[in-house]
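To start, I am sharing the structure in question, which I have written as structure tokens.
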Amino acid sequence: MTIWACWGSATAKSGPPVGSHMRLEEYWGIGPKTSELLTEELGVERAIAAIESADTRTLTAAGLTRGRATRILRRATGAESMGLLATRDTRDVYKELLDLAEEYAVTDDAADRVRVLTPLPTREQMDDRLDDVLTARDTWAALGDGKQRAILAAFEDHDAGGERAAVETALALQATGVTTGVFERVGTLDGDTLEDARAALVGLAGEGDRVGAGADEELDRLRKQLGQVEDLAASAPEVVEAIKGSARRPDEFQDALVRHVTSETGIGGTRVRDALPEGATDARDFVDAALRALRRSLQTAVEERETTVAEELSETLAAARPTIEAAVTAVGDLALSVSLARFALAYDLNRPTFVDRDTVAVKRARNLTLADSDDVQPVTYAIGDHTLDVERANSPPSGDRVAVLTGANSGGKTTLLETLCQVQLLAQMGLPVPAEAAEVGVVDTVVFHRRHASFNAGVLESTLRSVVPPLSGDDRTLMLVDEFEAITEPGSAASLLHGLVTLTVDRDALGVFVTHLAADLEPLPDVARTDGIFAEGLDPDLELRVDYQPRFGTVGKSTPEFIVSRLVANAGDPVERSGFETLAQAVGEEAVQRTLSDAMWTDGE
């Protein structure tokens, strides 16, 4: 399979195949007005070609906004699997992942192609894309800084789009000497043919039908001479004065004019003499007539030479056409390869293992949106059947399809849900994941629901409409639901959440449900468990110390005494401090004092 064969190519699209009788409006997101715009600016065939090849640049140049073009192309190239993104929060995570990857794009075209990456419909396609990305990552990692800078400069210097830019980029990349791994396709392009193609593309890039400057030395010389003669014709009186002093007879005047023109322009004397008129009555008329005739002669010479050169360049271009097309494809694919390689290296992404079992299991996983923090604690977690090789003391149970995740506020529960969502989406997009190791079973739907602090019937109804339907069919579903109780009263929330957990189990789905109502959910179904995240106290700066690694099969503690301890310690006003001390008595004064003592003892150490 060729590199990126499923990435916006004709192998994965929602519209009709090229060559059939089709309309632009058959593509998702293209209504009558958009169709009219694209038809007017591009024509139907060119617009369809741009959609089928995920060519964002052409669509935006035609007048579509980048966001609209991106949405159309995602549906056109990945409609089979966009249903994976079942909720708004899942789609937000997907977009966040693309935003992160786009930062490492080496060309505008590569950035556009990153934006339209979608989940893939088959395991084979996921594995193929992973092979390509990881080969690119390893190739890029093996290069020294100097080679990497030279390659990035080659992409940057020729990031204009089109055939000429692709050919010039290919030549610049070949000049770096890197021809292994993903660079092999560019390295094996015939350099001489690329040089010929570059010259032909430059030559035929003039305005209108003109051959561009630099394409042919003879043509450039004739054009320069024509310009010089036109300048002389515009200042004929000065020419007459310049040659009068050396010419007393008509035949001497003629010779003086030939010498002057030849000296000023480099035009051969024969061409100048051929342009001299007969029967001129005075010197001014003689010079005017001679320069007009010489200008016509040169104009004819320029036109004839331009026709000859254009024919030769067209023949060269036709002969080089296969190499040009190969360069366009290879350079575009390589730009995307290098972009994703840099993304994978920046976040230390690794290959997930696809399994036929229902599971998502991660070893030492990290949330990509927290990558800039120095104190991120990797987390190991799993639901479903897995064989993840981890330390026994911290090994997640295998077989539990559903987990109820409990623990302290700011304990990383939502971050863990988001991390699992990132891993599942990246894996099904055929991209490496932010974990030391991961086992992933392919699902049809990811239902991610973040905590939304809105407490009304409308929010409850819209949430249920979002999270329940995916469980009602035969789709394989991953449920990641955060604090469901935040959108309705606690008593009803516990009943509804228990029902949602039970429905998840009954439908053989996978799920992680974050909640503070774990005690109200007992008894859980047999294949469900309760996990906990624990706060461990305050550090010397009175910041909450949390072990973000969940403990399996146990309920986490909210530990309000830690929060009250911090409030007591930070209270400067005596009245305010007295109020917090009253709260300390309510949550356990001994626990508060012990927390403060531990924090000071740690500071003393």
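Just need a number here: residues in the stretch 112-147 that are over 29 Å from Gly441 (Cβ atoms) and crowded, with 22+ Cβ neighbours inside 10 Å.
Qualifying residue count for the region: 2.
Another one. Checking Thr502 against (1) under 18 Å from Ser398 (Cα atoms); (2) modelled with pLDDT of 90 or more, which test does it fail?
Tallying (1) under 18 Å from Ser398 (Cα atoms); (2) modelled with pLDDT of 90 or more, Thr502 fails exactly one: (1).
Something else: For the stretch 100-109, state whether one or more residues are surrounded by fewer than 17 Cβ atoms within 10 Å (Cβ to Cβ) and among the polar types (S, T, N, Q).
no
Here are some conditions: (1) modelled with pLDDT of 95 or more; (2) touching a strand residue (DSSP E or B) at 6+ places or on another chain (Cβ under 9 Å); (3) among the aliphatic types (A, V, I, L, M). Val390 meets all but one. Which one does it not meet?
(1)
Give the residues of the stretch 103-120 that are within 21 Å of Met82 (Cα to Cα) and in a loop (DSSP other than H, G, I, E, B), sorted by residue number.
Val116, Leu117, Thr118, Pro119, Leu120
Additional query: Any idea which of (1) in contact with a Leu (Cβ under 6 Å, 6 or more places away or on another chain); (2) surrounded by fewer than 24 Cβ atoms within 10 Å (Cβ to Cβ) is the one Leu480 doesn't satisfy?
Exception for Leu480: condition (2).
Are any residues in the stretch 539-557 at pLDDT below 65 and crowded, with 16+ Cβ neighbours inside 10 Å, and if so, which ones?
Correct list: Leu542 only.
State whether one or more residues within the stretch 78-94 are at pLDDT below 90, of a type in the set (Ser, Thr, Tyr) and surrounded by fewer than 21 Cβ atoms within 10 Å (Cβ to Cβ).
Scanning the stretch 78-94 turns up at least one residue that is at pLDDT below 90, of a type in the set (Ser, Thr, Tyr) and surrounded by fewer than 21 Cβ atoms within 10 Å (Cβ to Cβ).
Output the residue which, of all residues in the stretch 443-477 that are touching a helix residue (DSSP H, G or I) at 6+ places or on another chain (Cβ under 6 Å) and at pLDDT 90 or above, is farthest from Asp385 (Cα to Cα).
His449
If you don't mind, another one. If you scan the stretch 390-438, which residues turn out to be part of a strand (DSSP E or B) and not hydroxyl-bearing (Ser, Thr, Tyr)?
Val402, Ala403, Val404, Leu405, Gly407, Val433, Ala435, Glu436, Ala437, Ala438
Can you pull out every residue in the stretch 253-275 that is in contact with a helix residue (DSSP H, G or I) (Cβ under 7 Å, 6 or more places away or on another chain) and either among the polar types (S, T, N, Q) or crowded, with 17+ Cβ neighbours inside 10 Å (or both)?
Those that are in contact with a helix residue (DSSP H, G or I) (Cβ under 7 Å, 6 or more places away or on another chain) and either among the polar types (S, T, N, Q) or crowded, with 17+ Cβ neighbours inside 10 Å (or both): Phe253, Ala256, Leu257, Val258, His260, Val261, Thr262, Thr265, Ile267, Arg271, Val272, Ala275.
Does Val178 qualify as being among the β-branched types (Val, Ile, Thr) and farther than 20 Å from Leu204 by Cβ?
Judged against the criteria, Val178 is a match.
From the list Ala344, Ala330, pick out the single residue that is touching a strand residue (DSSP E or B) at 6+ places or on another chain (Cβ under 9 Å) and in a helix (DSSP H, G or I).
Ala344
Having 1 or more residues that are within 60 Å of the chain's Cα centre (by Cα) and either hydrophobic (A, V, I, L, M, F, W, C) or under 30 Å from Thr139 (Cβ atoms) (or both) is the bar; report the helices (runs of 4 or more DSSP H) wholly within the stretch 177-277 that clear it.
The helices (runs of 4 or more DSSP H) meeting that bar are 184-187, 191-203, 217-234, 250-265.
The values are calculated or read from the model by the stated rules, or taken from the named source; none is laboratory data. Since the structure is predicted, the reported quantities are computational estimates derived from the model, not experimental observations. A quick note on method: Cβ atoms are made from the backbone with ideal geometry, for glycine too, and the neighbour counts reach across all protein chains shown.
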